[in-house]
Amino acid sequence: MSEHVVVAPLVVALVTAILTLGTRRYPRGQRAVSLLGIGAYAVAVLALASRVVPLGVLTGSGGTTETLTYQVSNWPAPFGISLVADALSAFMLVLAVAVVVPALVFSALYVEEFAQRVSYHSLFHFMLAGVTGAFLTGDIFNLFVWFEVMLMPSYVLVVFYGRAEHTRAALQYTVLNLLGSAVMLVAIGGIYATVGTLNMADIARRLAHAGEFGIDPAPVLGLGAILFAVFALKAGIVPFQFWVPAAYRAAPAPIAAVMAGVTKKVGIYAIIRLLFTVFGTATVGGGLAPARIAEGLGFGMAGKSFLGLFGPVLFLMAIGSILLGGLGAVSRNDLDDILAYSSIGQVGFIVLALALAATGPQAVRTAGLIAALVYSLNHAIAKSALFLISGTVYEAVGSIRFDALGGLSTRRPILASSFFLGGIALVGIPPLTGFFGKLLVFDTAGKAIVAGEPFAGVALIVALAGAVLTIAYVSRAWNRAFWGSPSDPVTRSYQPTALVAVVAAFVLLVAVLGIGFDPVYRAAEAAAHAATDRTEYVEAVAPEVIG
Amino acid sequence: MSAVTVGTPTILLASTSAGSEAGQPQVVLAIVLGLLFALGTFLVLRKDVVRVVWGVTIISQAANVYLVTMGGLRGAVPIISHGGAHGEVTDPLVQALVLTAIVIGFGTTAFALVLTYRVYEEHGTIDLTEVSGR
């Protein structure tokens, strides 16, 4: 059963990428194609999302979510490549649309004419195709391929300006991700050899009944951990965070916005999909040799669920990210640097909610996933908007270093208000989306304490410390760059009206979604249920052909 | 480049291993894989950018060899139940996966080498300690 609406966003992004290559001689035409393409992409994603999560679910008036599949070339699962759109994929795709549309409009106004003509638009759309594929695919090797499709344009976009610091950042970014890809390939090969399939639904099904299929889950746990490390590298979680600041500073502002807002979330999405959907019911068997050895060594892993074993790891990584990101951001003297470190810390909050979800009972699990998804959405919009604002400040003033800035709020009030709105969305002031993100994370920690989770108290304290650090670095950035008397460069600055209009409209989204929060919550709830409801996922893909 | 030198013996081993004493190539390949990963890691840790790129290339080719090995050189992991009528087969899927991975590897290696050249142009050196020191 193939639903063509599932593959539509992917096709639109790829076709647009190729068309923008073909129209390089006509800069205006190319830009028009690119912008039309992103519009068509948004329409395709919204059409898909409205099929998967009907409007009735969002308004709470009834209706059920659906899981749509598309079998590439009509090869039945698990032999062919399955594309699967459930509520989780739909949520992530809509999140991507919310970021890439303003980012591309901003790019068309911001990036130099010549640079746009050379390759910018096609790279942007190829990257978008990679992101879309990663959100939609139901096959782990195909996930690797889409990761590569997403990464290759991003290598080029990081080195886009091509000066000394950009080549250095790109070298680090490229080498690190190439190693990550090789390691991912090893993990996928190992999982294939152990489980005998690459289809995610099929892996989930086989791991749930590991005994019947003669699978020893213990190696899958180790290979899954390797895969998880690669996803953590993409998401920039401690201890894999070190590439983040250099890469974000080197990339053009709209690309930094897309990387922080969307490609990081691809890592988060992959972690959720792997741990909660694929490994959700898997347990380490007691009777097989490696588990017995571990038992003998005193690890006692037998009979424990994969999620329970991954939980503490997620927890440590989350704490590391929140503290390192927060402390790093407080001490920086440059807008982009602050935003880069801040995004390490903010992703830490998302992972913290996931850690609580992984170890907790079902109620905490759902609450944690909802918190993680809402936080992802808020971070995607607020952080991308702030990166675009940083780009606008650079365009207007010629610098984003604090020693050159100051007093922007009197000279550029709209720009300053936009920054203020994005900043307090990060901090989490009601009624913005950031408030609900933080509230849900704290709520999850509270629920976990009630459920008696061992780390939940520490989680709450760390989350509080992280919130305080967020307030500290946002207010410091505001004080240094926007308040005070205007510096010389700020006095000489000009008003890039179109850019300011784009970022102002974009950042209003955190207020609009925060005030109309109910549908957002219901969408996240549907996505969280989709992430944990393996039966529906497996049945939709239907890999029952093999015995 | 290392794809050719490394890939060929693998396939030879695979084709000679159809018999029952198939434990041997697995061991040989395990040792080869260990050596390749060790060599790749060693090169990645050098401070010469070209050596780093070589290291990354060797590691990604080692991953490809690993993938072929994981297909089960004895046909031990079939993708479909053959009902025993066809005898043992080597899994064709891993070969397809490796082809995809090799193509991606070519692209990324080419890009990494061009990037190395750009690093040299911008920094006047390919010594990583000097590149990152500025």
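Values quoted throughout were computed directly from the atomic coordinates according to the rules given, and no laboratory measurement underlies them. The structure presented is a predicted model; accordingly, all values stated were derived computationally and were not measured. Here the Cβ is made from the backbone with ideal geometry for all residues, glycine too, and neighbour counts use every protein chain on show.
Mind checking region A:119-227 for trypsin sites (Lys or Arg not before Pro) that DSSP puts in a loop (not H, G, I, E or B) and that have at most 14 other Cβ atoms within 10 Å?
Numbers: sites: A:ARG163, A:ARG168, A:ARG205, A:ARG206; in loops: A:ARG163.
Answer in residue order: A:ARG163.
Where does helix A:217-235 land angle-wise versus the long Cα axis of chain A, in degrees 0 to 90, nearest 10?
Approximately 10 degrees, to the nearest 10.
List the chymotrypsin sites (Phe, Trp or Tyr not before Pro) within region A:468-547 that fall in a DSSP loop (any state other than H, G, I, E or B) and whose Cβ has at most 12 other Cβ atoms within 10 Å. The partial results should precede the final answer.
On the way: sites: A:TYR473, A:TRP478, A:PHE482, A:TRP483, A:TYR494, A:PHE506, A:PHE517, A:TYR521, A:TYR537; in loops: A:TRP483, A:TYR494.
Here the sparse-neighbourhood loop sites are A:TYR494.
Sorted from fewest to most neighbouring beta carbons within 10 Å, what does the list A:ARG534, B:ARG46 look like? Intermediate values should be presented prior to the final figure.
Values: A:ARG534 21, B:ARG46 14.
The fewest-first ordering by Cβ neighbours comes to B:ARG46, A:ARG534.
Assign one of three labels to region A:20-108, namely rounded, prolate or oblate, based on the Cα gyration tensor with a ≥ b ≥ c the square roots of its eigenvalues; rounded applies when a/c is under 1.5, prolate when it is not and a/b is larger than b/c, and oblate otherwise. Provide the component values of the computation, followed by the final result.
Numbers: a/c = 3.30, a/b = 1.48, b/c = 2.22.
Oblate, because a/c is 1.5 or more while a/b does not exceed b/c.
List the residues of region A:1-34 whose backbone N lies under 20 Å from a point placed 7 Å from the Cα of A:ALA47 along the Cα-to-Cβ direction.
Taking a point 7 Å out along Cα→Cβ of A:ALA47, the residues of region A:1-34 whose backbone N falls under 20 Å are A:1-20, A:33-34.
Which one, A:PRO519, A:SER475, A:ALA459, is farthest towards the positive end of the dipole of region A:439-533 when Lys and Arg carry +1 and Asp and Glu -1 on their Cβ?
Selected residue: A:SER475.
With a ≥ b ≥ c taken as the square roots of the eigenvalues of the C-alpha gyration tensor of region A:4-540, please select rounded if a/c is under 1.5 and otherwise prolate if a/b is larger than b/c or oblate if it is not? Mind dumping the intermediate values first?
Details: a/c = 1.71, a/b = 1.39, b/c = 1.23.
Cα axes put region A:4-540 in the prolate bin.
Roughly how many whole Å is it from the C-alpha centroid of region A:478-499 to that of region A:89-162?
That distance is 31 Å.
So for A:ILE449, A:ILE81, A:ILE191, fewest C-beta neighbours within 10 Å to most, what's the order? Intermediate results must be reported in sequence, preceding the final value.
Numbers: A:ILE449 16, A:ILE81 20, A:ILE191 24.
Fewest-to-most Cβ neighbours within 10 Å comes out as A:ILE449, A:ILE81, A:ILE191.
Which Cα, out of A:ALA187, A:LEU373, A:SER73, lies furthest along the positive dipole direction of region A:4-540 (beta carbon charges, K/R +1, D/E -1)?
Going by the Cα projections, it comes out as A:LEU373.
Report, in debye and to the nearest 20, how large the dipole of region A:374-467 comes out about its Cα centre when Lys and Arg carry +1 and Asp and Glu carry -1 on their Cβ. Intermediate results must be reported in sequence, preceding the final value.
Numbers: 6 positive and 4 negative charges, 37 e Å.
Magnitude of the dipole: close to 180 debye.
With +1 on the Cβ of every Lys and Arg and -1 on the Cβ of every Asp and Glu, and nothing else charged, how large is the dipole of chain A about its Cα centre, in debye rounded to the nearest 20? Can you show the working numbers first?
On the way: 30 positive and 26 negative charges, 250 e Å.
Its charge dipole is roughly 1200 debye.
How far apart, in nm, are the 7 Å Cα→Cβ label points at A:SER485 and B:LEU113?
Going from the A:SER485 label point to the B:LEU113 one covers 5.9 nm.
For region A:3-15, just list the computed ³J(HN,Hα) in residue order, Karplus coefficients 6.51, -1.76 and 1.60, θ = phi - 60°, integers in Hz, with x standing in for Gly and Pro.
Residue by residue, region A:3-15 yields 9, 5, 5, 5, 8, 4, x, 5, 5, 4, 5, 5, 4 Hz.
Considering only DSSP states other than H, G, I, E and B, which chymotrypsin sites (Phe, Trp or Tyr not before Pro) in region A:196-246 qualify as loop sites with at most 15 other Cβ atoms within 10 Å?
Numbers: sites: A:PHE213, A:PHE228, A:PHE231, A:PHE240, A:PHE242, A:TRP243; in loops: A:PHE240, A:PHE242, A:TRP243.
Taking region A:196-246 and a limit of 15 other Cβ atoms within 10 Å, the loop chymotrypsin sites (Phe, Trp or Tyr not before Pro) found are A:PHE242.
Which parts of region A:464-497 would a label at A:LEU439 reach, counting a residue when its backbone N lies under 19 Å from a point 7 Å out along Cα-to-Cβ?
Under 19 Å, as judged by backbone N against the label point of A:LEU439, lie A:464, A:467-468, A:471 of region A:464-497.
Rank the residues A:ILE471, A:ILE237 as a footprinting-exposure proxy: fewest other Cβ atoms within 10 Å of their Cβ go first. All intermediate terms of the calculation are to be shown ahead of the outcome.
Values: A:ILE471 17, A:ILE237 28.
By the 10 Å Cβ count, ascending, the order reads A:ILE471, A:ILE237.
So if each residue of separation counts as 0.36 nm, and I subtract the Cα-Cα distance between A:ARG24 and A:VAL118, what length gain in nm does that give? Display every interim value, and only then the final one.
Numbers: separation 94, 0.36 × 94 = 33.84 nm, distance 0.69 nm.
That works out to 33.1 nm of additional length.
List the residues, sorted by chain then number, that are 5 or more residues from B:ASP48 or on another chain and whose placed amide H is less than 5 Å from its amide H.
Amide H neighbours of B:ASP48: B:LEU128.
Label A:SER475 and B:LEU45 with points 7 Å out from Cα along Cα→Cβ: what is the distance between them in nm?
Reported label-point gap for A:SER475 and B:LEU45 is 4.6 nm.
Once the dipole of the protein assembly as shown is set up with Lys and Arg at +1 and Asp and Glu at -1 on Cβ about the Cα centre, which of A:ILE319, A:ALA8, A:THR23 lies farthest towards its positive end?
A:THR23
Cross-link list A:LYS234/A:LYS383; A:LYS304/A:LYS438; A:LYS265/A:LYS438; A:LYS383/B:LYS47; A:LYS264/A:LYS304: which exceed 28 angstrom alpha carbon to alpha carbon?
Working: A:LYS234/A:LYS383 17 Å; A:LYS304/A:LYS438 30 Å; A:LYS265/A:LYS438 17 Å; A:LYS383/B:LYS47 35 Å; A:LYS264/A:LYS304 30 Å.
Violating the 28 Å Cα-Cα cut-off are A:LYS304/A:LYS438; A:LYS383/B:LYS47; A:LYS264/A:LYS304.
Each residue of region A:511-525 in order: what ³J(HN,Hα) in whole Hz does its phi give by Karplus 6.51 cos²θ - 1.76 cosθ + 1.60, θ = phi - 60°, with x for Gly and Pro?
Along region A:511-525, the couplings run 6, 4, 5, x, 6, x, 7, 3, x, 4, 4, 5, 5, 5, 5 Hz.
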